[in-house]
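Notes for the one structure printed next.
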Amino acid sequence: RDVERSRGLGDVYKRQHLQPDVGGDPYPSTQAFFCVTWEYEMSPGNRDIYTRLIDQQGVITTPNATPVDNSAADTSKPSISKSNHTQDWLISFASKPLGSPWNQNVNARRVTWNGNLAGTSVVIANGSQIESNPSSSSPASIDGSLYWMVAYERESVTGEYNIHCRVVDSAGVRGAPLNLSMEEDPLAAIYDKGNAEIDSDGCLLYTSDAAD
């Protein structure tokens, strides 16, 4: 199934569609879908994030691709929750502000089970250093509320990359970012960490990363 080329993105054959990621829905019904997200190159240096739903038969259920973020910023590397806990997925992505070639942030936005966007984009990290390569967890259900966590790489002031994370709920971000690399081993924080992956079984959160 050619997700991106079947309506909704204009003259798509001349443009790039990259970095796809897929989230599922465990709801025991035919009204449970897969959510596909990817980056779409509008022009050099201007990529946007889109999403569409697909049912269990591989049929696209949203008539047009939905822009998760189509701002002037250069957005890339989307990561979607592997599961939506039968409610909402979270899509996190890197965002390079217009006119800021040496800065990159991480934003996120929720998508409902039926493909609608929920709320507005939230800022996960927007420091003066480079933040990139986010990973979105499945939601954890705690006291009746859903919480997601986004892990990402952040460049330190001395040049090495560490893994940070931040909690998100339906109202936005919760608390301050946490440096997982420092929590794991402060002495090892001087080495580059990257390729973080984070997920949840619905109650607890798990992370992994690679170090140089």
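The values are calculated or read from the model by the stated rules, or taken from the named source; none is laboratory data. Bear in mind the structure is a predicted one, so any value in this text is a computation, not a measurement. For neighbour counting, all protein chains shown are included, and Cβ atoms are generated from backbone atoms with ideal geometry for every residue, glycine included. SASA here: full protein model, heavy atoms, side chains in, ligands and nucleic acids out. Shrake-Rupley method; radii C 1.70, N 1.55, O 1.52, S 1.80 Å.
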Taking the range 150-172 and the residues there that are at pLDDT 90 or above and β-branched (Val, Ile, Thr), the one that is most open to solvent (accessible area, probe 1.4 Å) would be 167
Restricted to the range 54-68 and to residues being surrounded by fewer than 22 Cβ atoms within 10 Å (Cβ to Cβ) and touching a strand residue (DSSP E or B) at 6+ places or on another chain (Cβ under 6 Å), the residue modelled with the lowest pLDDT is 62
Of 115, 127, 159, the only residue that is within 16 Å of residue 176 (Cα to Cα) and not in a strand (DSSP E or B) is 127
Is it the case that residue 122 is in a strand (DSSP E or B), surrounded by fewer than 24 Cβ atoms within 10 Å (Cβ to Cβ) and without any contact (Cβ under 8 Å) to a residue 60 or more places away in the chain?
yes
Exercise for the section: Determine, yes or no, whether residue 71 is among the small types (Gly, Ala, Ser), surrounded by 15 or more Cβ atoms within 10 Å (Cβ to Cβ) and either touching a helix residue (DSSP H, G or I) at 6+ places or on another chain (Cβ under 9 Å) or within 20 Å of residue 169 (Cα to Cα) (or both). Expected result: no
Note to self: It is to be established whether one or more residues within the range 139-149 are of a type in the set (S, T, N, Q) and either without any contact (Cβ under 8 Å) to a residue 24 or more places away in the chain or crowded, with 20+ Cβ neighbours inside 10 Å (or both).
What the structure shows: no
Within the range 74-90, residues being β-branched (Val, Ile, Thr) and either open to solvent by 60 Å² or more (accessible area, probe 1.4 Å) or within 17 Å of residue 16 (Cα to Cα) (or both) number 1
Within the range 125-144, residues under 22 Å from residue 201 (Cα atoms) and β-branched (Val, Ile, Thr) come out as 142
